[in-house]
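The values are calculated or read from the model by the stated rules, or taken from the named source; none is laboratory data. Because the structure is predicted, anything quoted here is derived from the model rather than measured. Because the Cβ atoms are built from the backbone with ideal geometry, glycine has one as well, and the counts that use them run over all protein chains shown. When the accessible area is computed, the model is the full protein with side chains, heavy atoms only, and any ligands, DNA or RNA have been set aside. Shrake-Rupley method; radii C 1.70, N 1.55, O 1.52, S 1.80 Å.
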Amino acid sequence: MENIAIVTYPFISGLYYLAESFKFQQESLGNKVYFIPKKSFVLSNNKWVGIFKYELKNFLDFKQEDSYSLQMISYLKKLNIKKVFSFETFMRDSAWVDSLNALGIKVIDIPMPEWSLKTELYAGRYNKFFEVYCLTSQSFSLFKDFSKAKKITWDFCPDIKQVSKTKNDILTFYHPGSVSEQNQKNTPAVIKALSLVKAQNIRLLISGSTGSKITDSRIKFLGRKISRHEIYDAYNKADCTISPSTREGLGMCFFEAKKFGCNIITSDVEPMIEHSKHLCKISGYNQSESLIPFAVIEPPAIAEQINKYYEDFYGTK
């Protein structure tokens with residue numbers, strides 16, 4: 001048994017739920033877990049500024065105006081914590097990692113590679129971590145030559161019991177979008193794709209930002225920011241999840257969907273290809289400073305897979 005700390009966002013997000021699943025896994029091993037708030041970085045006057053966006057109360061109390069490193073060191077000493085797991089450290093401001101290393105405290109990074117910068121990886125900055133936990137084969141292939149990388153996994157959805165689905169009369173899809181207006185879930189393309197599908201005995205549930213007005217009567221908009229319970233209810237109603245993301249680091253929605261017995265339509269690119277045979281063709285890539293480029297998936301490619309899944313579902317040709 002040991003006391004450990006987890007650094008993640010103190011608000012409802014995919015990263016928080018991923019960290020929460022890791023907390024559950026560590027507690028099952030007998031460890032005592034404390035949450036440390038992760039800063040969100042916003043660009044202000046051409047400078048990245050770290051701020052706390054508190055929504056949740058199960059975090060150690062950090063003050064915005066005080067030194068992040070000193071506050072962390074104080075808590076770690078007080079709670080006798082020798083190991084810190086940092087989700088998506090981002091490296092915008094990693095001075096606290098150096099401070100902990102100087103004290104012999106082990107810092108393990110768990111990166112989401114779509115947010116990791118090429119320059120920082122290739123410059124060897126990830127070597128400052130005691131280890132780097134890679135949750136996908138793609139992540140491990142990216143980090144193994146530039147850090148002390150280790151492939152690891154656990155139950156990412158421990159709060160969901162495996163569901164066995166029975167076939168419904170109406171084929172129901174669910175698209176779990178992002179609450180952000182600028183997101184990689186490809187929601188506008190999904191909406192456009194449905195307009196290219198002729199079948200009427202289908203419906204599409206959508207949550208998150210749509211990016212456009214919905215006029216198709218087959219689409220039910222659940223809301224921009226819905227509760228965890230409402231998300232799970234959508235999975236429970238759905239036969240198949242449509243998630244042709246332009247990129248993913250892990251893709252919590254795939255693990256959630258499979259727990260609820262849903263099939264998956266997604267992008268023909270790593271790491272999404274591990275989750276489905278219904279893969280939307282990629283028509284190109286948009287490069288960025290990130291390790292993972294944005295895949296371009298056009299609505300016809302999504303519509304093609306919806307039609308193929310429709311044939312599989314109803315046994316038609």
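If I ask for residues that are touching a strand residue (DSSP E or B) at 6+ places or on another chain (Cβ under 9 Å) and either touching a residue at least 40 places away in the same chain (Cβ under 8 Å) or aromatic (Phe, Trp, Tyr) (or both), which ones from segment 93-119 would you list?
Of everything in segment 93-119, those that are touching a strand residue (DSSP E or B) at 6+ places or on another chain (Cβ under 9 Å) and either touching a residue at least 40 places away in the same chain (Cβ under 8 Å) or aromatic (Phe, Trp, Tyr) (or both) turn out to be Asp93, Trp96, Ile110, Pro111, Met112, Pro113, Glu114, Trp115, Ser116, Leu117, Lys118.
If I ask for residues that are within 23 Å of Val179 (Cα to Cα) and crowded, with 17+ Cβ neighbours inside 10 Å, which ones from segment 22-46 would you list?
Correct list: Pro37, Lys38, Lys39.
Find all pairs meeting these conditions: Cβ atoms under 6 angstrom apart; at least six residues apart or on different chains; first residue within segment 246-271 and farther than 23 Å from Glu304 by Cα; second residue of a type outside the set (S, T, N, Q) and in a loop (DSSP other than H, G, I, E, B).
Filtered contacts from segment 246-271: Gly249/Met112; Leu250/Leu135; Phe255/Phe156; Phe255/Cys157; Glu256/Cys157; Lys259/Cys157; Lys259/Ile160; Phe260/Val163.
Got at least one residue in segment 163-174 being surrounded by 21 or more Cβ atoms within 10 Å (Cβ to Cβ) and modelled with pLDDT of 90 or more?
Yes, segment 163-174 has at least one match.
Could you grab the pairs with beta carbons closer than 6 Å, sequence gap of 6+ or different chains, first residue in segment 55-78 and hydrophobic (A, V, I, L, M, F, W, C), second one in a helix (DSSP H, G or I)?
Leu60/Tyr75; Phe62/Gln71; Met72/Trp96
Here are some conditions: (1) over 20 Å from Ser94 (Cα atoms); (2) in contact (Cβ under 8 Å) with a residue 24 or more places away in the chain; (3) not in a helix (DSSP H, G or I). Phe146 meets all but one. Which one does it not meet?
Unmet condition: (1).
Among the residues of segment 183-200, is any in contact with a Leu (Cβ under 8 Å, 6 or more places away or on another chain), part of a strand (DSSP E or B) and either under 28 Å from Ser116 (Cα atoms) or not β-branched (Val, Ile, Thr) (or both)?
No, segment 183-200 contains no residue that is in contact with a Leu (Cβ under 8 Å, 6 or more places away or on another chain), part of a strand (DSSP E or B) and either under 28 Å from Ser116 (Cα atoms) or not β-branched (Val, Ile, Thr) (or both).
Would you mention how many residues in segment 23-45 are of a type outside the set (Asp, Glu) and either outside any strand (DSSP E or B) or touching a Cys at 6+ places or on another chain (Cβ under 7 Å) (or both)?
Pass one, segment 23-45, residues of a type outside the set (Asp, Glu): 23-26, 28-45.
When the remaining residues are screened for being either outside any strand (DSSP E or B) or touching a Cys at 6+ places or on another chain (Cβ under 7 Å) (or both), the result is 23-26, 28-31, 38-39, 45.
Matching residues across segment 23-45 total 11.
Can you tell which of Ile108, Ile12 is open to solvent by 50 Å² or more (accessible area, probe 1.4 Å), within 27 Å of Met252 (Cα to Cα) and not charged (D, E, K, R)?
Numbers: Ile108 fails: open to solvent by 50 Å² or more (accessible area, probe 1.4 Å).
Unique residue meeting the criteria: Ile12.
Output the residue which, of all residues in segment 114-160 that are among the acidic types (Asp, Glu) and within 18 Å of Pro293 (Cβ to Cβ), is surrounded by the fewest Cβ atoms within 10 Å (Cβ to Cβ).
Among those that are among the acidic types (Asp, Glu) and within 18 Å of Pro293 (Cβ to Cβ), it is Glu120.
Among Val7, Val49, which is within 21 Å of the chain's Cα centre (by Cα) and either open to solvent by less than 80 Å² (accessible area, probe 1.4 Å) or farther than 22 Å from Pro158 by Cβ (or both)?
Sole residue among the options that is within 21 Å of the chain's Cα centre (by Cα) and either open to solvent by less than 80 Å² (accessible area, probe 1.4 Å) or farther than 22 Å from Pro158 by Cβ (or both): Val7.
Identify all residues within segment 212-248 that are open to solvent by 50 Å² or more (accessible area, probe 1.4 Å), in contact with a Phe, Trp or Tyr (Cβ under 9 Å, 6 or more places away or on another chain) and of a type in the set (Val, Ile, Thr); write none if there are none.
Listed by number, the list is empty, since nothing qualifies.
Take residues that are at pLDDT 95 or above and touching a Cys at 6+ places or on another chain (Cβ under 8 Å) and tell me which of the strands (runs of 3 or more DSSP E) falling wholly in segment 231-304 contain 2 or more. Spell out the reasoning first.
Values: elements: 240-243, 263-267, 278-280, 284-286, 294-296.
In segment 231-304, the matching strands (runs of 3 or more DSSP E) lie at 240-243, 263-267.
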